[in-house]
Structure formats: C-alpha cells, structure tokens
Amino acid sequence: MVLNPALPQKEMALQAAWSRYLAQPCFDNFVEFALLLNSLTDFLIDKSLTGLLHASRQLEQRALSLFGDESSHPISDSAMEELDRGVARVGELLRNFDTAAEPLQERRKKSPEAVVELPASAYQLQLVGTAGSHWHELVSQFGYFGVRVQQGSWEVPALDESGGSLFLADLGGLPQERWLAPLGRLRERHPLAQIICIGVPSEFTALDQALRLGADRCLTVGTPLQQVVGQVLELNGSVERDPYRVLVVEDSRTAARVICRSLEENGIVTQVLHDPSLSLGAIRQFQPDLILMDMYMPCCTGVEAARVIRQYDEFLSIPIVYLSGETDIALQVDALRLGGDHFLTKPFNPVVMNAVVKSKIERYRALRRSMLNDSLTGLLNHISTKQAISAALEFSGQEDRNVVVAMIDIDHFKSVNDNYGHPVGDQVIRSLAWLLRQRLRRGDIVGRYGGEEFVVGLVGVSPAKAREILDTIRQDFARIAFSIPGGDFRVTFSAGLSTCVDCQPRCLEPMLEAADEALYEAKRGGRNQVVLAGSFQSCQLPAPGLEDTRLADARLADVRLEGTPK
C-alpha cells in the first residue's frame with residue numbers, strides 16, 4: 001500500500017520532465033524539470049518524509065547550480081550523466097517508499113468513528129546504541145502513545161526499506177569517535193528512515209557532525225524523557241495543511257499564465273485578476289495567503305493598488321510581492337515602504353519566485369497560527385475552539401450528524417505545579433494534548449480551553465461511543481509516568497460530555513454548560529472518570545445572572561489538595 005498517493009504521481013512527472021530534457025536539452029525543458037524537483041522537495045518537507053528528503057534535496061541543489069540561462073544549455077555530458085544517476089536514485093526511492101500497514105493518521109481520516117485503540121504497529125521505532133537504564137522507561141513511555149519499540153545495538157539487522165522506520169540513536173556516554181562511523185553507516189543503510197539522535201553533547205561540533213552524518217534532529221545530553229517522546233510524536237504527527245492560495249494581479253494574460261503554471265507545479269492554488277480595481281472583492285472571496293502584484297498596469301500601479309488594500313485592517317497582514325521589470329533601487333525601496341513585502345525583478349527565476357512565495361506564506365500562516373492556536377500545545381485556543389465547534393454544529397444541522405462536546409480537566413493539577421514546578425506541569429499539559437491529537441480524527445475539534453482544561457468536539461459519533469473513546473484515552477493517560485529527579489509520578493483527568501437533539505450554533509453555550517456540569521459530577525464522584533450528561537431538546541440560553549458555582553467549588557478542592565497526585 002502506498003504511503004502517500006501523490007508520491008507515484010510526482011515520481012512519474014519528474015521522470016517525464018527529465019526525459020524531455022534528455023530528448024531536447026533546452027532551457028525551457030530544464031526549467032520545467034527544476035520546478036518539478038523543487039516541488040517534490042517542498043512536498044517532502046511538508047509531509048516530514050525526511051528519509052526521502054536527503055536524496056531529493058541533494059539532487060535539487062545540483063540541478064539549481066546548473067540552472068543558468070538559455071546560453072547554459074545543454075549542460076555538459078558529465079553533468080547530464082550525474083543528474084541522470086540522481087534522477088534514477090530518487091525515482092527508485094520514491095517507488096520503494098511504501099509500507100505494509102497504512103499509517104494511523106491516514107486510517108483516522110477515513111474512519112467513520114474515532115480510533116478507540118491504537119494498533120501495536122501504529123509507529124515503528126528502532127532504539128539503537130548502548131543500552132542504558134533509561135531505555136526501559138523510554139519503551140514504557142512510548143507504549144502509552146501506541147509506539148512499538150524494537151531495541152538493538154548499532155549493528156541492527158537490515159530492515160525492509162519501507163520508509164516507515166524511525167531510529168532513535170542513543171549517543172549518551174559515548175566519545176565522539178565511537179558514534180561517528182556507526183551513525184554514518186546507519187544513514188547509509190537506511191536512506192529512507194528518520195533518525196533522531198539523543199544524548200548528543202551540547203557542543204557545536206558534535207551537533208554539526210551528527211547532522212552532517214544524516215541525523216534529522218538532535219536532542220542534547222540531559223533532555224527529559226518526556227521531551228524525547230514528544231519529539232518523536234511531533235515528527236510523526238504532522239497535520240495535513242490546506243494548499244497555499246495566491247492571488248495574481250497581472251494585466252498581461254501571457255505573464256499570468258506563466259506565473260500560475262509555475263506556482264501550480266508546486267501545488268499552490270492560484271486565481272488571476274487582470275483588473276486591480278476588483279482586488280478588494282477578489283481578496284474577500286478567494287481568501288489568498290499572498291498577493292503577487294504586477295508593478296505597472298493600465299489603470300493604476302501596483303503600489304497604488306497595495307495602498308488601497310492596506311486601508312482595510314483585515315488585509316494588513318497579507319503579504320504583497322511586486323513583480324516588475326523596474327531595476328531602479330530607489331523606486332523599489334519606495335514601493336516596499338508603501339505596502340509591499342518583497343520585490344521580484346522580471347525576468348525572474350521561477351524557482352526563486354516559488355521559494356519567496358512559500359517563505360512569505362509560511363510566515364503569514366505562522367502569524368495566524370499564533371493568533372488562533374495555543375502556544376504551549378499547538379491546539380486551538382479558547383476563542384478558536386468555540387468558533388470551530390459552533391461551525392461544526394452549523395454543519396451538523398445541515399448534514400444531520402451528531403456533535404458531542406467534552407470538557408476535560410487534569411486532576412489535582414495545582415499540586416503538580418507546586419510539587420514539581422511549572423515546567424513539569426507544562427509537560428503534563430503537552431502530553432495530554434499529544435494524546436488527544438493522536439487518538440482523535442482530523443475532523444474532530446481539540447482545543448485548550450485554559451490552564452489545565454481542554455475542550456473536545458466529536459463529530460458524527462453517538463454519545464455512548466464518544467464516552468467510550470474519551471474513557472480509553474483517560475485510562476491510557478493515567479498510565480503515563482512523568483520522570484522527576486528520584487522517581488516519577490502519574491496524573492489523571494476527569495471529563496464531562498454533553499450533546500443535544502437538533503444541534504445548531506446556538507446550542508454551543510448550553511452544551512458547554514452541560515459538559516461543565518457533567519465534569520463537576522465527575523470531580524465530585526472521585527475524579528479520574530468520564531461522565532455523560534443527558535441530551536437536551538432545548539437550546540435556549542440560560543437566564544442571565546444564574547451562574548453555577550459548583551464546578552468552581554470542585555476545582556477549589558483541587559487547589560486545596562496537597563501531596564503527590566495519584
């Protein structure tokens with residue numbers, strides 16, 4: 001079974017483009033080949049397919065060094081043979097990059113119900129090096145998150161090159177000369193695998209050497225075990241992103257077609273606007289991540305159009321990149337002052353244009369994520385969570401799909417902070433966030449509501465099924481051991497669930513209050529349990545001034561509790 005259906009398509013497109021250049025070695029054909037190779041490399045970065053990325057990036061760098069212009073082609077016979085070998089190698093790796101078991105994340109997207117139990121083969125991890133006392137605890141911790149660990153020495157048996165392998169290489173306690181050669185051999189024998197090195201000396205030279213030899217990530221000596229587990233989960237838990245969207249404002253239809261073709265080769269969705277006076281409506285309708293603006297157009301200049309766009313607060317952060325044949329530096333600087341973010345001079349290198357566009361969009365989306373997501377966990381923040389559940393309720397009403405809301409609160413959390421410090425408390429919160437993100441489907445809503453409290457929206461499942469799902473997560477979370485000097489401790493959570501008949505957006509607040517009330521019942525009933533509230537018919541908002549303080553009383557009891565949480 002193929003890990004990602006886009007890989008065979010990209011492999012065939014790359015081979016076809018290279019074949020065209022071999023048959024007719026002109027500059028235009030080389031540009032097409034370089035764009036496809038650039039698109040493949042960016043795709044592998046986006047999908048965290050780091051094993052494949054090494055080979056693709058190496059080939060891309062060599063191709064870009066030969067880019068030149070019309071006079072540079074055809075390239076020399078030796079360079080052509082070198083690229084031909086590289087294309088063959090990348091093609092072979094792409095064709096072999098499949099796995100016997102479909103990744104859990106892909107199954108989760110297709111499943112009509114959320115995954116209740118993680119299969120033992122959800123992830124495969126090879127822990128290699130010289131075994132230490134911490135290995136047993138590492139294996140246990142990974143097990144709670146459904147990661148199956150195989151332990152071995154540096155000379156591990158040859159595995160199938162399925163691309164599903166991840167190596168955790170323990171360099172702890174070894175002098176540099178003892179791990180250099182084994183790490184190099186590990187990368188050479190397993191070019192498709194992901195490699196995380198732990199116990200790396202916190203010195204520039206050691207980190208540089210490990211990365212040069214093929215490590216994808218390095219964790220230095222003293223990194224807590226929970227952070228090691230977190231790095232593996234982050235590496236394997238990349239979220240499917242919506243495609244980038246670019247509005248091309250260009251009066252020349254020919255130029256617009258060339259620009260769009262280049263962007264679309266990289267999976268970027270484009271929309272063309274020939275009349276800049278229509279840009280405000282187009283931005284609202286298309287919702288672009290970036291605007292590519294021609295500098296000179298018949299009705300107005302790109303600078304004038306950008307100034308109008310920047311009059312609207314909601315458009316202030318959208319990057320604007322100018323395209324122009326203008327080479328006057330003073331004019332370029334002035335254009336950037338008046339609302340632009342970058343200046344590309346025509347004729348431009350399409351690979352460079354793609355790189356500029358993607359880097360600007362990444363920063364734009366990172367800014368939006370910082371506004372919508374919780375900085376500690378990466379989950380939706382309080383406001384975004386409520387908005388997402390409200391949207392799910394509206395959609396569920398149209399599709400006749402049930403929505404269950406769960407309020408989750410970590411038990412005795414104040415004592416965790418008091419006894420072990422806030423950094424350990426933060427790790428507890430992150431661990432629950434990772435577990436929720438792993439166990440629920442992509443379409444479900446997971447947010448940090450504040451402090452140690454989370455809100456989950458389960459879409460299209462029955463209340464009984466939702467309770468079963470959350471209860472399984474509760475049991476597994478209670479098994480996670482958090483390491484501290486001299487031992488470890490465990491934590492539990494309580495949860496309250498609610499649903500309603502004929503869900504609509506106005507049901508949001510009543511559902512949250514009902515889930516909060518069920519959470520209160522779980523707390524009063526001894527904690528470490530999931531309570532399901534009865535569904536209700538009416539979605540009328542409660543009368544003002546009738547605030548239920550019982551949950552606050554239960555949490556106050558948590559605050560007063562002292563000692564290690566059990």
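The values are calculated or read from the model by the stated rules, or taken from the named source; none is laboratory data. These figures come from a predicted structure and were not determined experimentally. Here the Cβ is made from the backbone with ideal geometry for all residues, glycine too, and neighbour counts use every protein chain on show.
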Can you pull out every residue in the range 48-96 that is touching an Asp or Glu at 6+ places or on another chain (Cβ under 6 Å) and crowded, with 20+ Cβ neighbours inside 10 Å? 50, 94
Consider residue 409 against the criteria (1) in contact with a Ser or Thr (Cβ under 9 Å, 6 or more places away or on another chain); (2) outside the structural domain of residue 281 (by TED's automatic domain parsing); (3) in a helix (DSSP H, G or I): it satisfies all of them except one. Which criterion is unmet? (3)
Per the filter on the range 171-230, residues touching a residue at least 24 places away in the same chain (Cβ under 8 Å), of a type in the set (D, E, K, R) and touching a strand residue (DSSP E or B) at 6+ places or on another chain (Cβ under 7 Å) are 187, 216
Out of all the residues in the range 189-207, which are at pLDDT below 85 and assigned to a helix (DSSP H, G or I)? 189
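Taking the range 331-347, which residues are out of contact with any strand residue (DSSP E or B) (no Cβ under 7 Å at 6 or more places or on another chain) and either not assigned by TED's automatic domain parsing to the domain that holds residue 295 or not in a helix (DSSP H, G or I) (or both)?
Taking the range 331-347 as the starting set, the residues that turn out to be out of contact with any strand residue (DSSP E or B) (no Cβ under 7 Å at 6 or more places or on another chain) are 331, 333-334, 337-338, 347.
Residues satisfying the conditions are 338, 347.
Condition (residue is touching a His at 6+ places or on another chain (Cβ under 9 Å) and in a helix (DSSP H, G or I)) applied to the range 294-312: is it met by at least one residue?
First pass over the range 294-312, keeping only residues touching a His at 6+ places or on another chain (Cβ under 9 Å): 297.
Right, trim to in a helix (DSSP H, G or I) and you get none.
For the range 294-312, residues touching a His at 6+ places or on another chain (Cβ under 9 Å) and in a helix (DSSP H, G or I): absent.
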Go through (1) over 15 Å from residue 405 (Cβ atoms); (2) at pLDDT 90 or above for residue 565 and report which single condition fails. (2)
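Among the listed residues 327, 254, identify the single one that is outside any strand (DSSP E or B) and free of Cβ contacts under 8 Å to residues at least 12 places away in the same chain. Spell out how you get there, then give the answer.
Numbers: 327 fails: free of Cβ contacts under 8 Å to residues at least 12 places away in the same chain.
Just a single option satisfies the conditions, and that option is 254.
Of all residues in the range 58-78 being out of contact with any helix residue (DSSP H, G or I) (no Cβ under 8 Å at 6 or more places or on another chain) and in a helix (DSSP H, G or I), which is nearest to residue 14 (Cα to Cα)?
Of the range 58-78, the ones out of contact with any helix residue (DSSP H, G or I) (no Cβ under 8 Å at 6 or more places or on another chain) are 61, 65, 71, 76-78.
Checking the rest, the ones that are also in a helix (DSSP H, G or I) come to 61, 65, 71, 77-78.
Numbers: 61: 15, 65: 18, 71: 23, 77: 20, 78: 20 Å.
The extreme case among them is 61.
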Residue count, the range 261-295, condition within 18 Å of residue 311 (Cα to Cα) and surrounded by fewer than 16 Cβ atoms within 10 Å (Cβ to Cβ), comes to 7
Considering only the range 475-489, I want to know if a residue exists there that is modelled with pLDDT of 90 or more, more than 23 Å from residue 134 (Cα to Cα) and touching a Phe, Trp or Tyr at 6+ places or on another chain (Cβ under 9 Å). no
Among (1) of a type in the set (A, V, I, L, M); (2) at pLDDT below 80; (3) over 27 Å from residue 43 (Cβ atoms), where does residue 174 come up short? (2)
So residue 237 ticks every box in (1) at pLDDT 80 or above; (2) under 30 Å from residue 200 (Cα atoms) but one. Which box is left unticked? (1)
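Please tell me if residue 259 is assigned to a helix (DSSP H, G or I) and within 17 Å of residue 351 (Cα to Cα).
Working: assigned to a helix (DSSP H, G or I): yes; within 17 Å of residue 351 (Cα to Cα): yes.
In short, yes.
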Lone unmet requirement of (1) acidic (Asp, Glu); (2) farther than 30 Å from residue 346 by Cα; (3) assigned by TED's automatic domain parsing to the domain that holds residue 304 for residue 208: (3)
Given the criterion exposed (fewer than 13 other Cβ atoms within 10 Å of the Cβ), small (Gly, Ala, Ser) and either outside the structural domain of residue 509 (by TED's automatic domain parsing) or farther than 30 Å from residue 344 by Cα (or both), identify the matching residue among 384, 370. 370
